[in-house]
1. What is the residue count in the range 56-88 for residues that are in contact with a strand residue (DSSP E or B) (Cβ under 9 Å, 6 or more places away or on another chain) and either among the small types (Gly, Ala, Ser) or touching a residue at least 60 places away in the same chain (Cβ under 8 Å) (or both)?
2. In this structure, is Arg93 in contact with a strand residue (DSSP E or B) (Cβ under 7 Å, 6 or more places away or on another chain), farther than 18 Å from Leu136 by Cα and among the charged types (D, E, K, R)?
3. Of the residues Ala251, Ala273, which single one is assigned to a strand (DSSP E or B) and in contact (Cβ under 8 Å) with a residue 12 or more places away in the chain?
4. Sort out which residues of the range 132-161 are in contact with a Leu (Cβ under 9 Å, 6 or more places away or on another chain) and closer than 15 Å to Val212 by Cα, and write them in order of number.
5. Filter the range 248-271 for residues that are crowded, with 22+ Cβ neighbours inside 10 Å, in contact with a strand residue (DSSP E or B) (Cβ under 7 Å, 6 or more places away or on another chain) and among the β-branched types (Val, Ile, Thr) and give the result.
6. Could you say which residue among Val106, Val110, Val92 is within 13 Å of the ligand (Cβ to nearest atom) and surrounded by 15 or more Cβ atoms within 10 Å (Cβ to Cβ)?
7. Condition check: surrounded by fewer than 14 Cβ atoms within 10 Å (Cβ to Cβ), among the basic types (Lys, Arg) and either away from the ligand (no atom under 16 Å from the Cβ) or not in a loop (DSSP other than H, G, I, E, B) (or both). Does Arg162 satisfy that?
8. When the residues of the range 237-247 are filtered to those that are buried (at least 21 other Cβ atoms within 10 Å of the Cβ) and among the aliphatic types (A, V, I, L, M), which remaining residue is nearest to the ligand (Cβ to nearest atom)?
Amino acid sequence: MTSTTDAGHASFTLERFAQHSFYHEVNKRLVALTQLAKAQRVVDLGAGTGAVTKLIAQEVANQNAEVIAVEPCETALEIARRNLEEFGGAVVRFIQGGAEILSQLVKKPVDAVFFCNAIHLVEEKDLVLREILETLGEDGTFSFNTSFYDGAEPPEAELFYRRWMMKALRVLKKEYGLSPDKTRVEARHRLTEDEYIALLESNGFKVRDKEVVTVQVPLSGFEAISEYSLWIEGVLPGVPLAAGAHALAEAARLTFEDLGITESPRNWLLVVADRA
Ligand SMILES: C[S@@+](CC[C@H](N)C(=O)[O-])C[C@H]1O[C@@H](n2cnc3c(N)ncnc32)[C@H](O)[C@@H]1O
């Protein structure tokens, strides 16, 4: 987690990507599926800059409800704090820390835990699920969504992703004389939908609801994700963030132009689970 707490990442946040309507749609759908009617205490794990924290706080808005945003990256947490400053509904608290020690960070049982667009970043998924289970009260629910699973790229979008990455490597070489560090190429294994379900079931959860939502991502969405540190580090390991961001955004524009497209589809997996 050291890289996400690096102050040098200040301008490479998810902020611009998180403002897109398709992103709002997949997060809002997960909050609706969770049915928070009776929830009083909710954790937004990996809260980032607070896009989902706000949706949750709006859903449970009453002065007795408490939403706890937990996030390891100081920079992101600071932006979340700013983004939610004006929010007058539920009480929102902010805690710096990672999912691996959730039960130490949040000691009183909660009604729901959300982990949005982040579970794929966690290496010790069994440990994190055990931590979430421990933090949940008896009727608690755990909800997550991800667009980084095996199946996120629909077959009709494969050509786009292949060309985007090839062009990014070309721009990087031509304009900066750089190449990604092959020894650090992303080893992270992307789980399938079934593997996620099995993981939940083997850690004390029972899946209550599951959906795959396909969204259409416009060029501005790809330009925005190109400036996000975790995305740049994942696809172009070892490359300085500014160079990586420029190469990815430029390559996205060239690929859209090449293929004559105005958007490209992407799947989001949404899962809501109860205690087994
Ligand atoms: C793509 S952002 C998603 C932010 C927010 N949940 C949303 O959906 O907009 C992923 C977030 O997960 C956080 N993260 C990464 N590893 C984590 C971990 N082990 N525990 C908790 N959060 C983590 C990152 O710092 C980042 O803010």
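1. Matching residues across the range 56-88 total 7.
2. No: the conditions fail for Arg93.
3. On the way: Ala251 fails: assigned to a strand (DSSP E or B).
Within the list Ala251, Ala273, the selection yields Ala273.
4. Taking the range 132-161 and keeping what is in contact with a Leu (Cβ under 9 Å, 6 or more places away or on another chain), we get 132, 134-135, 140-152, 159-160.
Matches in the range 132-161: Ser143, Phe144, Asn145, Thr146, Ser147, Phe148, Tyr149, Asp150, Gly151, Ala152.
5. Val271
6. The match here is Val106.
7. yes
8. Here the residue is Ala245.
The values are calculated or read from the model by the stated rules, or taken from the named source; none is laboratory data. Please read these numbers as outputs of a predicted model, since none were measured by experiment. All Cβ positions, glycine included, derive from the backbone under ideal geometry; neighbour counts span all protein chains shown.
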